[in-house]
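> Dropping the structure in here first, questions after.
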Amino acid sequence: MNANISEFCVEMQNIHKFYGPVHALKGVDLRVRRGEVCVAIGPSGSGKSTLLRCINQLESISAGRVLLKGELQGYVERDGRFHPLSSGQIAAQRRMTGMVFQRFHLFPHMTALENVMEGPAHVKGWPKEQARKKANELLDRVGLDGFGGRYPGQLSGGQQQRVAIARALAMEPEVMLFDEPTSALDPELVGEVLDVIKDLAMSGITMVVVTHEIGFAREVGNHLVFMDQGQVVEEGHPRTMLASPQNPRTAAFLSKVL
Amino acid sequence: MASDVENIATGFKPVAVEKPAITRNIVVPRRHPGRWLAVAVFAILALQIGQAVSVNPNFHWDVYLTYLFSPQVIRGVGWTLLLTVVAMTVAIVVAGLLVVMRDSDNPVLRGIAYGWVWFFRGTPIYTQLLFWGLFAVLFPNLSLAIPFGPEIVSVETKYILTPAMAAILGLGFNESAYLTEIFRAGFNSLDRGQAEAAQALGMKPGKIWMRILMPQAMRVIIPPTGNETIGMLKMTSLVLAVPFTLDLTFATNAISNRLYLPIPLLLVAGTWYLAITSLLMVGQHFLERHFGKGVSVHPTRAE
């Protein structure tokens, strides 16, 4: 059973999510293979961000299962019942994923370098020097060599988001989660962030990206998911799906954004 | 008033043909006659008040000078400082615990924290101090025992709850209730995304509190806590309710009762309270600067 599952890096089975009376996710299934760049698009309120946040347990799920590399997230299943994990165990599971937020959420009281070092130094417990070396390499990789001493308040939105990507990468996650990474940026800064994400995609890391950038989905994605009203309406390869959507709802959405 | 540089920044840019040949606006500083008038009026007032106070024999400045540094007063200053620092430390530790309890998943802990704040904020500090003083009468012996079972150790309360101890616990516990609310406001002021970003890194709750939330909340917490510390300094004068009789107010009152001269000794006490407050304000300034890291780095914002 385990060998069968581990083909998928992320496997979400029949996910339901309720916010009080609101049924935000209505039985979503999603499978992301290792090395795949899965892009989720859809109108706002369609549940795509919620789905992403269920992967690293920032949202609890009301029904269904989330598996990362075959490991059930958040619970131990015994005799058909779900036993919640402790906060420490959940924290350990979250190290499999790295997340980049729409509004960056850098730690404002730390410099860019300290932000990137935080994970290796204080979660993984690496020695300071090793963490610093890794952080400098990553800042270099996202094109911010020499910006390590700046505080987030002294960086542009695009630079902040690139630091946030470096911070997530520093934990060497199995899966990178991007929650509308360019939606809060000025138009001229979107490109520099997308370029970094593209580079990452080329390097073969598994990614789930929620975005409104259809061009990015076509160019970089190899698995496109269209969500509407808490359901996956259609999925497939981006180029075929964007060229000839099968579902009328997908077609209607694409006609508005393309 | 405005320098040339500021003037350019605010948009009154003259048309410059070439880059090095920027013609800066010639700005004639505004005149402020009102300020000079205010200086004159208040200088005269200050002189008159100064004179009235300094030559007035009722102030007994000679007595003031005699007792300002008298051993009894200095000891009172020492005890008042000690009470302030230790009681405030107790309050900060307790409030730190309570604020984490308030946010806990455990409903029992949440309830205890809520009840603590409700009780210590809802009863007068003077009453509480009286009760701490009477504690040894209410419970002459403190003992560690198995409930309904045999006693393990027992000790007389008066050896543990000395007047100094009663004063510290009384002041500290009372203050902790107020500080809890201040701390809570500080933590609530943070963006929820900060905790989420730390969670996404795989950080455990304790680390998130200590490394991510606390340093940021401090910026909001420190100014009102400075207020409370200064309030505590003056609240120590209530410890005669315990009764604790070594603090500054008690010392100066004792002397003035002996001399029948309350005014100069009130001035002595006031001088010392003001001096300590000034010292505390310097400390607060440095704390604010430390925890303002990453926020007050913007160059246009005045320090």
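Derivation of every value follows stated rules applied to the coordinates shown; laboratory data play no part. Computed from a predicted structure; not experimentally measured. Don't worry about glycine lacking a Cβ; one is built from the backbone with ideal geometry, like all the others, and counts go over all protein chains shown.
> Using only the alpha-carbon atoms of the range B:68-121 as identical scatterers, what base-10 log of I(q)/I(0) does the Debye formula give at q = 0.17, 0.27, 0.29 Å⁻¹?
Summing over Cα pairs of the range B:68-121 leads to -0.62, -0.97, -1.03.
> Find how many whole Å separate the alpha carbon centroid of the range A:81-116 from the alpha carbon centroid of the range A:23-62.
The two parts, judged by their Cα centres, are 17 Å apart.
> With point charges of +1 on the Cβ of Lys and Arg and -1 on the Cβ of Asp and Glu, referenced to the Cα centre of the range B:134-240, which listed residue (B:Q199, B:S154, B:A185) lies farthest in the positive direction of the dipole?
It is B:Q199, whose Cα lies furthest towards the positive end.
> Moving on to the next point. Roughly what % of DSSP beta bridges within the range A:102-257 run antiparallel, to the nearest 5? Mind dumping the intermediate values first?
Details: 5 of 10 bridges.
So the antiparallel bridges amount to about 50 percent of the total.
> If you don't mind, there's one more thing I want to ask. Mind running the shape call on the protein assembly as shown? Use the C-alpha gyration tensor, a ≥ b ≥ c as the square roots of the eigenvalues: rounded below 1.5 for a/c, prolate if a/b tops b/c, oblate otherwise. Mind dumping the intermediate values first?
Working: a/c = 3.16, a/b = 1.55, b/c = 2.04.
Oblate, because a/c is 1.5 or more while a/b does not exceed b/c.
> So which trypsin sites (Lys or Arg not before Pro) in the range B:220-303 pass both tests, a DSSP loop state and at most 10 other Cβ atoms within 10 Å of the Cβ?
B:R301
> Continuing with this model, one more query. Antiparallel DSSP bridges in the protein assembly as shown: what percent, to the nearest 5? Can you show the working numbers first?
Values: 30 of 47 bridges.
So the antiparallel bridges in the protein assembly as shown amount to around 65 percent.
> Counting pairs of Cα atoms in the range A:57-161, how many percent are more than 21 Å apart? Don't jump to the answer; show the numbers that get you there.
Working: 2635 of 5460 pairs.
In whole percent, the long-distance tail amounts to 48.
> Starting from the Cα-Cα distance between B:L47 and B:L109, subtract it from 0.36 nm times their residue separation and give me the gain in nm to one decimal. Could the numbers behind the result be given before it?
Details: separation 62, 0.36 × 62 = 22.32 nm, distance 5.92 nm.
So the chain would gain 16.4 nm between B:L47 and B:L109.
> With r defined as the distance between the Cβ atoms of B:T66 and B:M281 and R0 fixed at 30 Å, what FRET efficiency is calculated, to the nearest 0.05?
Values: r = 29 Å, r/R0 = 0.95.
Step by step, r from the Cβ atoms, then E = 0.60.
> Sticking with the crude label model, points 7 Å out along Cα→Cβ, report the distance from B:R121 to A:Q154 in nm, one decimal please.
3.9 nm
> Can you work out the FRET efficiency for the pair B:H290 and B:V100, with r the C-beta to C-beta distance and R0 = 22 Å, to the nearest 0.05? Walk me through the intermediate numbers first.
Working: r = 22 Å, r/R0 = 1.01.
The pair B:H290/B:V100 has a calculated efficiency of 0.50.
> Residues in the range A:185-203, backbone N under 11 Å from the label point at A:N222 (7 Å along the Cα-to-beta-carbon vector): list them, ranges by number please.
Those under the cut-off are A:202-203.
> Would you kindly state the longest site-free stretch of chain A, with sites defined as GluC sites (Glu not before Pro) in a DSSP loop (not H, G, I, E, B) surrounded by at most 16 other Cβ atoms within 10 Å? All intermediate terms of the calculation are to be shown ahead of the outcome.
Working: sites that count: A:E7, A:E174.
Result for the longest clean stretch: A:8-173.
> For chain A, what class follows from the C-alpha gyration tensor (a ≥ b ≥ c being the square roots of its eigenvalues): rounded when a/c is under 1.5, otherwise prolate if a/b is larger than b/c, else oblate?
On the way: a/c = 1.84, a/b = 1.20, b/c = 1.53.
Note, shape of chain A comes out oblate.
> So, one more: At most 11 other Cβ atoms within 10 Å plus a DSSP loop assignment makes a site exposed; report the longest stretch of chain B without any exposed chymotrypsin sites (Phe, Trp or Tyr not before Pro).
Working: sites that count: B:F69, B:F148, B:Y260.
In short, B:149-259.
> Sticking with the crude label model, points 7 Å out along Cα→Cβ, report the distance from B:T89 to A:H23 in nm, one decimal please.
With each label placed 7 Å out from Cα toward Cβ, I get 6.0 nm.
> Calculate the spin-label point distance for B:E181 paired with B:I26, positioning each point 7 Å from the Cα along the beta-carbon direction, and give it in nanometres.
6.0 nm
> Output the Cα-based Rg and Dmax of chain B in Å, rounding Rg to one decimal and Dmax to a whole number.
Final numbers for Rg and Dmax: 27.5, 96 Å.
> Placing +1 at every Lys and Arg Cβ and -1 at every Asp and Glu Cβ, with all other atoms neutral, what dipole size does the range B:149-243 have around its Cα centre, in debye to the nearest 20? Each step should come with its number before you reach the end.
On the way: 8 positive and 7 negative charges, 68 e Å.
The calculation lands at about 320 debye.
> Can you bin the range B:79-205 into rounded, prolate or oblate? Criterion: square roots of the alpha carbon gyration tensor eigenvalues sorted a ≥ b ≥ c, rounded for a/c under 1.5, prolate for a/b above b/c, oblate for the rest.
Values: a/c = 2.50, a/b = 1.67, b/c = 1.50.
Prolate is the answer for the range B:79-205, as a/c is 1.5 or above and a/b outweighs b/c.
> Another question, if that's okay. Taking 25 Å as R0, compute the FRET efficiency from the Cβ-Cβ separation of A:L258 and A:R103 and round it to 0.05. Please report the intermediate quantities before stating the final value.
Working: r = 26 Å, r/R0 = 1.06.
Efficiency, rounded to the nearest 0.05: 0.40.
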